[in-house]
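Accompanying notes for the structure given below.
The values are calculated or read from the model by the stated rules, or taken from the named source; none is laboratory data. Since this is a predicted model, take the numbers as computed values, not measurements. Cβ atoms come from the backbone with ideal geometry, glycine included; neighbour counts cover every protein chain shown. Each accessible area value is taken on the protein alone, full model and side chains, heavy atoms only, with ligands, DNA and RNA left out. Shrake-Rupley method; radii C 1.70, N 1.55, O 1.52, S 1.80 Å.
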Amino acid sequence: MQRPKHTILIVLQAALLFVVFNPSEWIVHAQAPIPAKFDGFVYQNRPATPDSIVIEAFFDPVCPDSRDSWPPLKRALEHYAPRLSLIVHPFALPYHDNAFVTSRALHIVNELNSSDTYPLLELFFQHQERFYNQQTRNMSRASIVNQIVKFVTKAFGNSYYSAVEAGFNDRQTDLTTRVSFKYGCSRGVLGTPFFFVNGFPLPDAGSAIDYKGWRSIIDPLISEKSLKREDLKPMHFFL
Ligand SMILES: *[C@@H]1O[C@H](CO)[C@@H](O)[C@H](O)[C@H]1NC(C)=O
Ligand SMILES: *[C@@H]1O[C@H](CO)[C@@H](O)[C@H](O)[C@H]1NC(C)=O
């Protein structure tokens, strides 16, 4: 997503002045508490194996570029199944008013039934404009939460209503959503979508990668891996 350039400049200048005039602060010590489990949502409950190519995607549920990047990535996952493993981390951008609350809804639903997490993410993408800043500017926080509870209930059934409502009153789900954000920060995520492949960041953060793009990233890794496996085989042709 675009950010106003002058704001970034001002922030950078302020940071620079701070560093220049505070030599003792040249080293920033940032340490977030370690969560009990690895952050994020594993696609199709298909965790990585030693043979997997692991993609981590940082998505903001109300970011149009995250939305646009999902169908080509999903297609790539189908193409390379089961070699590709995906973990989505929600990453709530501060300039999207409802990014945190929708990310929290993902954590709440994931806790209730992890099979519903990705369908909910897709629903948020599909109906994203309902949660844009402009569309919700006159709504109170409480009525937005209420709207999201109804949104989830409509999709997954009335039995969810009280559980999702309770989820929004449970401080733990707030903390879990913060962990996602902090994890993104610790990895240097500064926009969405943001992808890592086997732990390494892809360039062009903040813009969608199309299907051809994914093929050109993954194909060489697949052939490199199968080459290695050939190397390990005993060389019968010498016998
Ligand atoms: C979780 O959701 C899936 C898909 O909606 C459903 O088939 C399954 O029965 C649910 N599991 C539980 C424990 O409710
Ligand atoms: C928000 O409220 C203002 C003032 O009452 C009104 O002019 C505007 O149309 C409202 N916006 C939306 C999106 O409902």
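A163 passes every criterion in (1) more than 16 Å from ligand 1 (Cβ to nearest atom); (2) open to solvent by 10 Å² or more (accessible area, probe 1.4 Å); (3) part of a helix (DSSP H, G or I); (4) in contact with a helix residue (DSSP H, G or I) (Cβ under 7 Å, 6 or more places away or on another chain) apart from (1). Residue check: is T153 within 16 Å of ligand 1 (Cβ to nearest atom) and open to solvent by less than 20 Å² (accessible area, probe 1.4 Å)? In short, yes. Here E129 meets the list (1) in contact with a helix residue (DSSP H, G or I) (Cβ under 9 Å, 6 or more places away or on another chain); (2) open to solvent by 70 Å² or more (accessible area, probe 1.4 Å); (3) in contact (Cβ under 8 Å) with a residue 12 or more places away in the chain almost entirely, failing just condition (3). Of the residues making up the stretch 192-220, those that are over 14 Å from the mean Cα position of the chain (by Cα) and of a type in the set (V, I, T) are I209, I217, I218.
Selection within the stretch 106-160: residues that are of a type in the set (S, T, N, Q), in a helix (DSSP H, G or I) and closer than 19 Å to P193 by Cα. The member of this set that is nearest to ligand 2 (Cβ to nearest atom) is Q128. Within the stretch 85-97, identify whether any single residue is closer than 27 Å to S186 by Cα, away from ligand 1 (no atom under 16 Å from the Cβ), open to solvent by less than 10 Å² (accessible area, probe 1.4 Å) and part of a helix (DSSP H, G or I), and answer yes or no. The answer is no, given that none of the residues of the stretch 85-97 is closer than 27 Å to S186 by Cα, away from ligand 1 (no atom under 16 Å from the Cβ), open to solvent by less than 10 Å² (accessible area, probe 1.4 Å) and part of a helix (DSSP H, G or I).
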